[in-house]
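Visitor: The structure's right below; bear with me while I get my questions together.
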């Protein structure tokens, strides 16, 4: 596994390049897209384990952090969906450049799935397969969920700060939500996915996730679309981090199977 | 500020990011080592380590934030060392890497929660550790903290719950005796797998570190009921001689993982202040 920084000099992104296990190479690289905020912290282990698993299966893998998140350049206050979409495209270019491969597929979880779908419409070479796990397709519901989780986290862990800082405000579970990002999130709907571009799209739904009929209908013209519902129930929006990494085996299997499926 | 992400250590199995002040900054007195908080990868809870690293760089202090073996993006440990021993080796490797990148010869370690246990062990094993922050790591109760804790239910839930709680505690002789707690994130707020040093042990160790030139800072959130007022550490260690040689901060409105961004900012400011106050090695001023 090789850590690297890539992208425009003024906005370097952190990435981890993982070649396939020896003798297992395929003609296919995979870009993994993080969710936002606390969900990215909690799902880091998932993406690490998924990357290892995909590399053992012969894929070249690139994990990365969007601008202003994780180890990448930029401040959290600069959070911007448009910039993150560009970052996905940039990561794809880096994966192809570093591997020398011409075909890539993208996996995203939660807001990362949404970003992958949005970015696929802008990529010079669209991904072969888009795998979207519990994509955020209703921005208002997503923000409401984050706000409720934030209030609950403060009630449990920081009762005094609830009074001092107020339960509202544009932040959720430890991360600011700048006004521009909030507006961008509010605009997200199933229709946002209509412009996605890939030979096939696989939607993976956790047990508690709402139905994806509207989403799949919006992507009706985007190549073959399928859904896999897994048994695991995931509490995405929670402040818990210690000991709460998300690595459900059924999700890993469903993701790997979707990426290996011939287009 | 310049950031470089690297693989380092034995077999290049450790993954981290070096954060350096702008070129031309004075040679730093110390570097800062940041690493995992529990299972959270090197960016820290709510990305605190990244914000801290950049705030430190603005004050001329270089840092490394990295994942211990088997955590975050780092490779699995070799398996020939116990958990604590491996963490000490990893922290030493991170100091080597930071020295190579920045020129800083001595370092401060920020131990977040159980990470403090790793920092505490490393400070004892390696004289390059010039500063040690133990955040929500070791908690020593006092009569007042026990009373505060016992009264919490009456403040929060009323007399009935409080009375039931007292009755329950009356049945727990261990609580009445007030023995030093041991065990994992127990009701006294101890850090699990790790043994809580006895007061005498802790005082002896902190004194030895101080005499060697290592400064120790204790910081506590309001996240553990067992630590519940600003002067608790000083009360617990009054008369031991160390209450005057360590700094102790109590963030009474900040939860354990610092969820509110305003609290994060105050926390980071205090951590920077501590690192910036560390002295250069004796007889050598920073250039």
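Visitor: Tell me, please, whether a residue that is surrounded by 22 or more Cβ atoms within 10 Å (Cβ to Cβ), on the phi > 0 side of the Ramachandran plot and within 11 Å of another protein chain (Cβ to nearest Cβ) can be found in the range B:55-70.
Guide: no
Visitor: Scan A:65, A:80 and give me the residue that is facing chain B (nearest Cβ under 10 Å) and modelled with pLDDT of 95 or more.
Guide: Just one listed residue meets the conditions, A:65.
Visitor: Could you list, in sequence order, all residues of the range A:136-148 that are more than 21 Å from residue A:218 (Cα to Cα) and either away from chain B (no Cβ under 14 Å) or surrounded by fewer than 20 Cβ atoms within 10 Å (Cβ to Cβ) (or both)?
Guide: Answer for the range A:136-148, where residues must be more than 21 Å from residue A:218 (Cα to Cα) and either away from chain B (no Cβ under 14 Å) or surrounded by fewer than 20 Cβ atoms within 10 Å (Cβ to Cβ) (or both): A:143, A:144, A:145, A:147, A:148.
Visitor: Something else now. Before we move on, is residue B:15 surrounded by 21 or more Cβ atoms within 10 Å (Cβ to Cβ), at pLDDT below 95 and at the interface with chain A (Cβ under 7 Å from one of its Cβ atoms)?
Guide: no
Visitor: Test residue B:275 against the criterion of being part of a helix (DSSP H, G or I) and at pLDDT below 95, and give yes or no.
Guide: No, not satisfied.
Visitor: Right, another one. Looking at residue B:224 and the list (1) modelled with pLDDT under 90; (2) crowded, with 23+ Cβ neighbours inside 10 Å, which single condition is not satisfied?
Guide: (2)
Visitor: Something else about it: For residue A:181, state whether it is part of a helix (DSSP H, G or I) and either in contact (Cβ under 8 Å) with a residue 24 or more places away in the chain or within 28 Å of residue A:75 (Cβ to Cβ) (or both).
Guide: The answer is yes for residue A:181.
Visitor: Give the residues of the range A:6-39 that are within 13 Å of chain B (Cβ to nearest Cβ), crowded, with 18+ Cβ neighbours inside 10 Å and free of Cβ contacts under 8 Å to residues at least 60 places away in the same chain, sorted by residue number.
Guide: A:14, A:16, A:18 - these are the residues of the range A:6-39 that are within 13 Å of chain B (Cβ to nearest Cβ), crowded, with 18+ Cβ neighbours inside 10 Å and free of Cβ contacts under 8 Å to residues at least 60 places away in the same chain.
Visitor: Could you go through the range A:53-60 and let me know if any residue there is surrounded by fewer than 24 Cβ atoms within 10 Å (Cβ to Cβ), touching a residue at least 12 places away in the same chain (Cβ under 8 Å) and within 18 Å of the chain's Cα centre (by Cα).
Guide: Yes; the residues of the range A:53-60 include at least one that is surrounded by fewer than 24 Cβ atoms within 10 Å (Cβ to Cβ), touching a residue at least 12 places away in the same chain (Cβ under 8 Å) and within 18 Å of the chain's Cα centre (by Cα).
Visitor: If you go through the range B:149-181, how many residues are surrounded by 12 or more Cβ atoms within 10 Å (Cβ to Cβ), under 28 Å from the mean Cα position of the chain (by Cα) and at pLDDT below 75?
Guide: 3
The values are calculated or read from the model by the stated rules, or taken from the named source; none is laboratory data. Everything quoted here is computed from the prediction, not taken from an experiment. Positions of Cβ are backbone-derived with ideal geometry, glycine not excepted, and every protein chain shown enters the neighbour counts.
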